[in-house]
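Trainee: Encoded as structure tokens, here's the structure I'll be asking about.
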Protein chains: 4
Amino acid sequence: MSGETSRIEAFSDGVFSIAATLLVLELKPPPANLPFWRGLAAQWPGFASFLLSFLFIGIMWINHHRLFTHVRRADDVLMVTNLLLLLGVVWIPYPTLLMAQALTSSRVSEAAILYNGSYLALALLFNLQLQACIRRGLVDREYVALRHIARNYAIGPVLYLICFAATWWSVPLSLAFNAALALFFLVSPELWGKEHHRQG
Amino acid sequence: MSGETSRIEAFSDGVFSIAATLLVLELKPPPANLPFWRGLAAQWPGFASFLLSFLFIGIMWINHHRLFTHVRRADDVLMVTNLLLLLGVVWIPYPTLLMAQALTSSRVSEAAILYNGSYLALALLFNLQLQACIRRGLVDREYVALRHIARNYAIGPVLYLICFAATWWSVPLSLAFNAALALFFLVSPELWGKEHHRQG
Amino acid sequence: MSGETSRIEAFSDGVFSIAATLLVLELKPPPANLPFWRGLAAQWPGFASFLLSFLFIGIMWINHHRLFTHVRRADDVLMVTNLLLLLGVVWIPYPTLLMAQALTSSRVSEAAILYNGSYLALALLFNLQLQACIRRGLVDREYVALRHIARNYAIGPVLYLICFAATWWSVPLSLAFNAALALFFLVSPELWGKEHHRQG
Amino acid sequence: MSGETSRIEAFSDGVFSIAATLLVLELKPPPANLPFWRGLAAQWPGFASFLLSFLFIGIMWINHHRLFTHVRRADDVLMVTNLLLLLGVVWIPYPTLLMAQALTSSRVSEAAILYNGSYLALALLFNLQLQACIRRGLVDREYVALRHIARNYAIGPVLYLICFAATWWSVPLSLAFNAALALFFLVSPELWGKEHHRQG
């Protein structure tokens, strides 16, 4: 029931790298009847969804990596929560593509609900994973670093719920907030770290 | 003829992660002439087959991982049985997709025969792998954990044969039984473990 | 210029697992206007090419793995010969698909020339890799095992050249010979090993 | 904030292997109305773009590997620069495909601007990565090898800028220069090494 985590990380890395690169398959040659650069520009929803899904899934990978540097043992529950988390990660390119395509149509608010809702679900899945690690004693005892991660994870669902709710108020604002959250979860360990150093 | 197992696991992880994510390629934008949510809902066979193949292949990966934590050496026979097992894993998304698409057509019983039959074949391939490991002395000597795994594997083909036969009686029942078996093979090591602890 | 081989193996495993599973993308749902099983049967070229490319690339992976268990160091030349070998591996699914599709057309001999010629090229690339390892002193000193591998590799191009030439005489015979060669390169280390044990 | 680099390399290997094999998906069976070999020959833009993107991404992988043999620790900044580098690597197959398709059309100079410009961007991303490693003290102290790498990286953007500018003068020349640069970055460590040995 116990075991090392290296193979879980290897399987996760495979799934993350597939998910991150998935939307590159949607990049098609520009139509021959348009001038080259105008034909490329007309495909901006494809480029935007590839760029966003690659970078945001990359940031999720970084956070997955940060957590697993503290995971010392794996058990069945961790493997299941990790599987559900990976399912969420592989799902992300689909709402991202729909979101980008909807920007030029009248369905933009529905697509944004699906898009921001998917990120809310992922924030919950990251917390499920963290709780499984902590409750089952699978993490090491570097309390400070883990406390930073736990604080980060705990506010994730709250922030993404605000982002999700903002969709009904203003879609562009909700998308900007969503992107800001990705950046926040990229740099927040550095911020907590500095804050901690000031306190220490 | 002997060797370490890490590279076999790395190749297997690559194949498992590709197989698990394969049906995400079938998720297409909803047709533009339907309302957004109705268009999404009309694509439920795609979502269902992606979800099922991801989770069931994920559970197979967990079982593959459980077995390999006990494999100490690899030989040519193990590499061949593992290759056949991976072939079965990569095959699963195809009958899953046909099964989901058939649910709205009149071909549901034929698709269920292929679907449940594929899982029966996989149960046999898992046993072939286990037998290769045991007969050729490739596993470690943690008898208790291995005995649990061997017990699990041994009843697999029997249970999937019942599931396969149930297809002729009732397709929905056979599909529900198939899903229940996936859950069973996810949690059974925990169950055996507890039973063992009660006995010990 | 020297270095460990683990990352070369990891990159190779990624490419091998993608190449092996590539033709599963060609498996399409059977047409709706045919009965289920007849519709499936009509797609046998797709199944055959998936099965053959998966198994033959799997056997190549086993041989790649066998060689690398003896490679102690990597240098730039090894990385280049390995890259060319991987290029050949990724290429294989394409002639395999054309071969299977050609079986029901009048282009069968042309497709067989491409198919058997591709395997001849791969046999040469495997030898290029082996020679790079030996000439540059990258392998360990387990002479017996390596001598078996070197003997195997050396006869590869000769056998595949016969197979290639046989295409002009009889396509079915050349294909059967090609499949027999895959089996031969799967089991030959066992055969050499036994022969050696009898001699020893 | 510190950590090992093995998982970053594993994720990178996954992305590199996907990027390198991406254009094999563009190889389609030749049209049935043409003779076999003529039908294949008519698809040369597909073969050329597959071959070039596989080899050039392979050479980038070799350079990524060379750098990471000297990286001892990873931090958040390295993970971000690595993510941006991988984004560039996954992007390469797209301009390569457009370039190959444009060779038979009147859009060849626009496609070459995109193609050579993409390689210029990648040369800058490789330098961003190297600078992150050096400035943040993540590399080991094998100064000579690292100085060779740093020298290589530093001239990269200059050479690719010349290549990019050459596009307006002569597209064929710029493409030949681009290919020559890939070969240069493959063999240059050997060249610097020999030069160093002569001096030493």
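The values are calculated or read from the model by the stated rules, or taken from the named source; none is laboratory data. Here the structure is a predicted model, which is why all the values come from computation and not from measurement. All Cβ positions, even for glycine, are placed from backbone atoms using ideal geometry, and neighbour counts span all protein chains on display.
Trainee: Could you figure out which of (1) surrounded by 17 or more Cβ atoms within 10 Å (Cβ to Cβ); (2) without any contact (Cβ under 8 Å) to a residue 24 or more places away in the chain isn't true of C:LEU159?
Mentor: So C:LEU159 meets the others, but not (2).
Trainee: Select from the stretch A:1-45 the residues that are polar (S, T, N, Q) and crowded, with 23+ Cβ neighbours inside 10 Å and list them in ascending order. Full working, then the answer.
Mentor: The first filter runs over the stretch A:1-45 and keeps only residues polar (S, T, N, Q), leaving A:2, A:5-6, A:12, A:17, A:21, A:33, A:43.
Those that are polar (S, T, N, Q) and crowded, with 23+ Cβ neighbours inside 10 Å: A:SER12, A:SER17, A:THR21.
Trainee: Okay, moving on. How many residues are within 18 Å of the chain's Cα centre (by Cα) and within 14 Å of chain D (Cβ to nearest Cβ) if we restrict to the stretch C:89-128? Reasoning before the result, please.
Mentor: First pass over the stretch C:89-128, keeping only residues within 18 Å of the chain's Cα centre (by Cα): C:89-100, C:111-128.
Right, trim to within 14 Å of chain D (Cβ to nearest Cβ) and you get C:89-100, C:111-115, C:117-118, C:121, C:125.
Qualifying residue count, the stretch C:89-128: 21.
Trainee: Hey, another quick one. Do we have any residue at all in the stretch A:88-98 that's part of a helix (DSSP H, G or I), more than 22 Å from A:VAL171 (Cβ to Cβ) and hydrophobic (A, V, I, L, M, F, W, C)?
Mentor: yes
Trainee: What number of residues within the stretch C:19-47 satisfy the criterion of being of a type outside the set (A, V, I, L, M, F, W, C), within 8 Å of another protein chain (Cβ to nearest Cβ) and part of a helix (DSSP H, G or I)?
Mentor: The total comes to 1.
Trainee: Looking at (1) surrounded by fewer than 20 Cβ atoms within 10 Å (Cβ to Cβ); (2) modelled with pLDDT of 95 or more; (3) touching an Asp or Glu at 6+ places or on another chain (Cβ under 9 Å), which one does D:LEU55 not meet, given that it meets all the others?
Mentor: If we test D:LEU55 against (1) surrounded by fewer than 20 Cβ atoms within 10 Å (Cβ to Cβ); (2) modelled with pLDDT of 95 or more; (3) touching an Asp or Glu at 6+ places or on another chain (Cβ under 9 Å), just (3) comes out false.
Trainee: On to the next question. For D:VAL139, are the conditions met, namely being of a type outside the set (Lys, Arg), buried (at least 19 other Cβ atoms within 10 Å of the Cβ) and over 21 Å from C:ASP75 (Cβ atoms)? Talk me through it step by step, then tell me what you get.
Mentor: Working: of a type outside the set (Lys, Arg): yes; buried (at least 19 other Cβ atoms within 10 Å of the Cβ): yes; over 21 Å from C:ASP75 (Cβ atoms): no.
It is false that D:VAL139 is of a type outside the set (Lys, Arg), buried (at least 19 other Cβ atoms within 10 Å of the Cβ) and over 21 Å from C:ASP75 (Cβ atoms).
Trainee: Of D:TYR160, D:TYR115, which residue is aromatic (Phe, Trp, Tyr) and touching a Pro at 6+ places or on another chain (Cβ under 7 Å)? First the steps, then the outcome.
Mentor: Details: D:TYR160 fails: touching a Pro at 6+ places or on another chain (Cβ under 7 Å).
So the residue among D:TYR160, D:TYR115 that is aromatic (Phe, Trp, Tyr) and touching a Pro at 6+ places or on another chain (Cβ under 7 Å) is D:TYR115.
Trainee: Can you work out which of the residues in the stretch C:2-18 that are assigned to a helix (DSSP H, G or I) and more than 7 Å from chain D (Cβ to nearest Cβ) is farthest from D:PHE16 (Cα to Cα)?
Mentor: Taking the stretch C:2-18 and keeping what is assigned to a helix (DSSP H, G or I), we get C:6-18.
Those left that are additionally more than 7 Å from chain D (Cβ to nearest Cβ): C:6, C:8-9, C:12-13, C:16-17.
Numbers: C:SER6: 15, C:ILE8: 12, C:GLU9: 13, C:SER12: 10, C:ASP13: 12, C:PHE16: 13, C:SER17: 13 Å.
Among those residues, the one meeting the criterion is C:SER6.
Trainee: Then there is this: Would you mind telling me which numbered condition in (1) more than 15 Å from C:PRO95 (Cα to Cα); (2) surrounded by 18 or more Cβ atoms within 10 Å (Cβ to Cβ) D:ALA48 fails?
Mentor: (2)
Trainee: Any idea how many residues of the stretch D:60-87 are crowded, with 23+ Cβ neighbours inside 10 Å and in a loop (DSSP other than H, G, I, E, B)?
Mentor: Number satisfying all stated conditions: 1.
Trainee: While we're looking at this one, here's another question. Exactly one of these conditions fails for B:LEU86: (1) in contact (Cβ under 8 Å) with a residue 12 or more places away in the chain; (2) under 30 Å from B:PRO29 (Cβ atoms); (3) facing chain C (nearest Cβ under 9 Å). Give me its number.
Mentor: Going through (1) in contact (Cβ under 8 Å) with a residue 12 or more places away in the chain; (2) under 30 Å from B:PRO29 (Cβ atoms); (3) facing chain C (nearest Cβ under 9 Å) one by one, B:LEU86 breaks only (2).
Trainee: Any idea which of A:LEU103, A:LEU128, A:LEU124 is more than 17 Å from A:MET60 (Cβ to Cβ), of a type in the set (A, V, I, L, M, F, W, C), surrounded by fewer than 19 Cβ atoms within 10 Å (Cβ to Cβ) and in contact (Cβ under 8 Å) with a residue 12 or more places away in the chain?
Mentor: Numbers: A:LEU128 fails: more than 17 Å from A:MET60 (Cβ to Cβ); A:LEU124 fails: more than 17 Å from A:MET60 (Cβ to Cβ).
Result of the check over A:LEU103, A:LEU128, A:LEU124: A:LEU103.
Trainee: Name the residue, out of C:VAL24, C:VAL71, that is in contact with a helix residue (DSSP H, G or I) (Cβ under 7 Å, 6 or more places away or on another chain) and farther than 25 Å from D:VAL24 by Cβ. Explain how you work it out, then say what you get.
Mentor: Working: C:VAL24 fails: farther than 25 Å from D:VAL24 by Cβ.
Being in contact with a helix residue (DSSP H, G or I) (Cβ under 7 Å, 6 or more places away or on another chain) and farther than 25 Å from D:VAL24 by Cβ holds for just one of C:VAL24, C:VAL71, which is C:VAL71.
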